[in-house]
Structure formats: structure tokens, C-alpha cells
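Laboratory data are not the source of any read-out in this text; all were calculated from the coordinates shown. These numbers were taken from a predicted model, which means no experiment stands behind them. Please note: Cβ atoms are built from the backbone with ideal geometry, for glycine as well, and neighbour counts cover all protein chains shown.
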Amino acid sequence: MKYFKFSNKLFALLFMITSMMFVGCQKEEQKKDELNVSTDLDQRSTNVNLQYPVLSNGLLKFSDIEHYKQFYESLNQILEQGENSLEILFENKYASEEFISVASRLRTDEFVNFGDAFSPFLTDPIMMEICNLHYEFQIGDQLVTYINNRQILNSNINDFVTQNKIRNMQKGQTITVSDVPNGAFWGEDTDIVEIRNMPCSCSINIEKLGCNQVRIFGKCRDLAWGFGEANLSVWLNFNSNLPPSIQQNPTFTYNIDGNFEYIYTLSSASTIRAIIDPDCITAATKQVQLDFTPSAGSCDKREKDTGWLTVSNNPEGMRYRLKNYSNWLANYEDADLKSVFWNSQKQKWENRTADKLEVSISVSRRNGSCGIDHSDNDSDDCSRCRDVSVGVNSGFSGNFFRHCDGDVTATFLKVNNSTTLNATATLDFDCCL
């Protein structure tokens, strides 16, 4: 019987050729997979009639509010079908135009210390793709800027003085009416009307803050971009059983000019009513009402998130975040996980694939009286990936459902080579039960 003898050099050469062929096949399969995913997404975007905004002066520009609304709703449908779908769609569309969004900046981030990592406050994955690094986008002639996850500022796209003032504001923190620059109108993204450019109009809102405070706020606009004047009447103990002819006088009256906000501290149960009467001739009179009971049945409907947290065991690391956010479509609870790796040559942390990533979320949602309405949970995992997200949504506007401590929790797992990283997170809410 004859035996074939291979020299070490020949064996090494054959191994190298085989390895190159294997890697080449892997890359080819990866390209095919990416092409199939991209083609599939293009087909989905065609099916939902996805009309992209144009890139103008570093901003994504929508022609009008309906264009923005339809685009967002279409992306929301696509997002539910694939965790990386938004990334692929936006990179395919805007890569050649070098548009840098909040999301794309986060995907390519490299940093020396975790404290220096790019950590955007935005929690809505769609808005992270739409907004530039100033958290801006354009609708018609208006510039829309996210100040935090709930509050937005609208201004004239050609008013560069106001735009620069807004850009210099600290982002991610709650603002009061005194923080709003002249020339800007504030609003909240949970109401599509608040995003709309509405000359000659007033908006008014009422909400309970904490255990014993009530906040009444809104804005009035004149024609074009001018501040609008109005009369605001507030009853802190309104009796709906009394006939209008003998109804008590308002507790407070105010002359409004533009944005407004009033906060009252109350110690007893009452009905609060507020009426705004605009001076602009075509603007409608509006009213809001709230049945208030201090220190009872008050749950938190504000948007919350943990911020970007980290766990590391060099050279492996992971960044993760748990969040609750709302828009005019629904209330969402999401958990995001990103794999990072210490590159010793660059001396930086960078995004890199892991053998396995896994994230799970558990949610309880409360109704207006703070009782548990229903619970929800989900989990997801992936292999040879650099990020994974999992989310659930209420199917209703975030203005309805509320939370308390322990209602939104998540667990996170990364496995790479022989290293395993784990973490848990929970959202902190303010409640009076």
C-alpha cells in the first residue's frame, strides 16, 4: 500500500487556498444575502408606497405634513418586519449623499472611554434615522427640532437666528416655557397636530404632574410665524352642575402671547377647566378639563429611558438601553443591545459582531386609574450580529397607557468566544398609588 506524504509547506499552501475559497464563498453568500434583503426591502417599500424626503442643506425635507405622516407610518410597518430594515433602507437611499443621521452616527461610533461614546437621547428608531445630528428635519417651510423625546420646537426654516439659538440649547432635558427662544413654538410629538404648521390657531393641554400638581400649557399663533394673542381662563374648582348663568368666575385669567405654561399646586380634589379664546379671527376657542385627586391614582405617562448603559470584560463589551416612548400612533417599549469590541491596534472600542446576542422585554400597562390593563412580553436573538432590538407596542396612542416602577424591565445577553456578558434594566417612573 502506498502512502502520500505531504511536506509542511505544501500542507500550509493547501490550507491557505482552502481557507481563501471558504472565506470567498462566505463573502459571496453574504453579498447574496444582503442583495436579497435589500431587494426584499425595496419591494416592501414599493408595496407601502414609500415616498422618501429629499436631502436639503443637511436636512431631510418633507413636502408637507401629510408626506411626513405617510412616510413615518410606512416606515413603522416596515420596522415591524425586520430589525435592520431601517438601516438598509436609509443607507441604500442616502449613502451617496453623505447624510449623517443620529442612527448612522451611532452605528459607526468609535470611542476610547464609554463615557465618551455617542449616546443620543432619541429613543424612537424611526426619528433616529430621520433626524440629523442637531435632531432636526424639515416639513414645508418649518424646521422641526427634537429637544427631548417628547418636546419639539417649530420655527421658520429661513430664520437662522432662531435655528442657532435652538441648536445651542441643551438637548435631552425637559424645558419650560421660559427656555423657548423667540421665534419658536413648542409642542409635543404625541400629537400630529402639534407637529403641523398651523397659523392662526391655539393649542391647549392639561396634565397632572406628580402627586399634587396640574400643568396647563400650549401655544397660540398668528398669521405667518407671528406669536398669537389670546385670553386664557382657568377654573381650579369647576362645578359642572351649576348652570352657566350662575357659574363662578374663573380662578385665574391670563393674556396669552405665543407659548404659555402654568403650574398649580392643589391639596384637595377638584375639577380643573381651562378655556383659550384666540384673537385671530379664524382660530377656534378650545377647552380642556381634568378631574383631579391629589396623591391618588396618579401613574406616569411620560416617556422614559435608562440612557445607554455598558457592561465590559476586555476585550468584549456591550451597550444597552431600555426605553418607553410614544407618538400619535401608539406607546412603545423597546430594548436595544449593541456589541462592541476593544480594538487594540486602534486603541478604541468599535461595533463588532458577536457569536450571539439576546434581549427580552416584559411590560405591564396601566389605565387612567392606575389599574393593570394588560401585560406584554417578547424576546429576540441573533447569531453573528452586532446589534439586536426587541419591542412591544400598545396599539393605541401613548397618551392613554401609563406605568409605575417595575412595569418595564428587560434582560440582555452577549456571548462571544469564551466571554458571556449579562445585564438587566428597569425603568424608573413616578407614581402615587
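How much net charge surrounds E188 when only the other residues with a Cβ under 14 Å from the Cβ of E188 are counted, with Lys and Arg +1 and Asp and Glu -1?
Details: positive: R150, R196, R215, K219, K301, R302; negative: D124, D189, D191, E194, E207, E261, E303.
The answer is -1.
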**Charge-dipole axis of the chain as Lys and Arg at +1 and Asp and Glu at -1 on Cβ define it, positive-most pick from L413, S379, I206** = L413
**Message:** Counting each pair of different Cα atoms once, what's the Kirkwood radius of the range 223-327 in Å, rounded to one decimal?
**Reply:** 18.1
**Prompt:** Which pairs break 27 Å Cα to Cα here: K286/K323; K165/K348; K93/K356; K61/K414; K69/K171?
**Reply:** K286/K323; K165/K348; K93/K356; K61/K414
**Prompt:** Percent relative contact order of the chain, based on C-alpha pairs within less than 8 angstrom and at least six residues apart?
**Reply:** 11
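How large is the Kirkwood hydrodynamic radius of the range 57-197, counting all unique pairs of alpha carbons, in Å?
Working: mean 1/r = 0.0631 Å⁻¹.
Computed over the range 57-197, the radius equals 15.9 Å.
Provide the gained length on full extension for the span S268 to Q287, in nm with one decimal, where the gain is 0.36 nm per separating residue minus the Cα-Cα distance. Mind dumping the intermediate values first?
On the way: separation 19, 0.36 × 19 = 6.84 nm, distance 2.21 nm.
That works out to 4.6 nm of additional length.
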**Asked** Which aspartates and glutamates does K346 reach when only Cα atoms under 18 Å apart count, and residues fewer than 8 places away in its own chain are ignored?
**Response** D109, E110, D116, E316
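Just the number, please: Stokes-Einstein D of the range 161-303 in µm²/s, Kirkwood Rh from C-alpha pairs, 10 °C, 1.306 mPa s. Before the final figure, lay out the partial values.
Numbers: Rh = 16.5 Å.
Once the numbers are plugged in, D ends up at 96 µm²/s.
Can you tell me, using C-alpha contacts under 8 Å and at least 6 residues apart, the relative contact order of the range 282-433 as a whole percent?
Values: 401 pairs, mean separation 42.9, N = 152.
After rounding, I find 28 percent.
Once the piece of chain linking A95 and S312 is laid out straight, how much longer is it, given 0.36 nm per residue of separation minus the C-alpha distance between them? Provide the component values of the computation, followed by the final result.
Details: separation 217, 0.36 × 217 = 78.12 nm, distance 3.16 nm.
Full-extension gain reported as 75.0 nm.
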**Prompt:** At what distance in nm do the modelled label points of D257 and F114 sit from each other, each positioned 7 Å from its Cα along Cα→Cβ?
**Reply:** 5.0
**Prompt:** Which FRET efficiency, nearest 0.05, do T420 and N377 yield, Cβ-Cβ r, R0 25 Å?
**Reply:** 0.65
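Give the residue list of trypsin sites (Lys or Arg not before Pro) in the range 345-433 that are DSSP loop and have at most 11 other beta-carbon atoms within 10 angstrom.
On the way: sites: K346, K348, R352, K356, R365, R366, R384, R386, R402, K414; in loops: K346, R352, R386.
When the trypsin sites (Lys or Arg not before Pro) of the range 345-433 are filtered for loop state and at most 11 Cβ neighbours within 10 Å, K346 remain.
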**Message:** Let me check I've understood the local charge: for V214, count other residues with C-beta under 9 angstrom from its C-beta, Lys and Arg +1, Asp and Glu -1. What total comes out?
**Reply:** +1
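Counting only C-alpha contacts under 8 Å and six or more residues apart, can you give the relative contact order of the range 249-371 as a whole percent? Provide the component values of the computation, followed by the final result.
Working: 150 pairs, mean separation 19.6, N = 123.
Over the range 249-371, the number comes to 16 percent.
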**Request:** Rank G406, G395, G140 by mean-square fluctuation in a GNM of the chain with C-alpha springs under 10 angstrom and give only the top-ranked residue.
**Result:** G395
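Do any GluC sites (Glu not before Pro) in the range 249-340 lie in a loop, going by DSSP, with at most 12 other beta-carbon atoms within 10 Å of their beta carbon, and if so which? Please report the intermediate quantities before stating the final value.
Working: sites: E261, E303, E316, E333; in loops: E303.
Filter output for the range 249-340: empty list.
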**Message:** If I model a spin label at F227 and S240 as a point 7 Å from the Cα along the Cα→Cβ vector, what separation in nanometres do I get?
**Reply:** 3.4
**Request:** Determine the dipole magnitude for the chain: charges of +1 sit on the beta-carbon of Lys and Arg, -1 on that of Asp and Glu, nothing else is charged, the reference point is the Cα centre, and the result goes in debye to the nearest 20.
**Result:** 1160
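Just from its helices, what would the mean residue ellipticity at 222 nm be for the chain, if runs of 4 or more DSSP H residues each count -39500 (n - 2.57) and the sum is divided by every residue, rounded to the nearest 500 deg cm²/dmol?
Working: 7 runs with 89 residues, N = 433.
My calculation for the chain gives -6500 deg cm²/dmol from helical runs alone.
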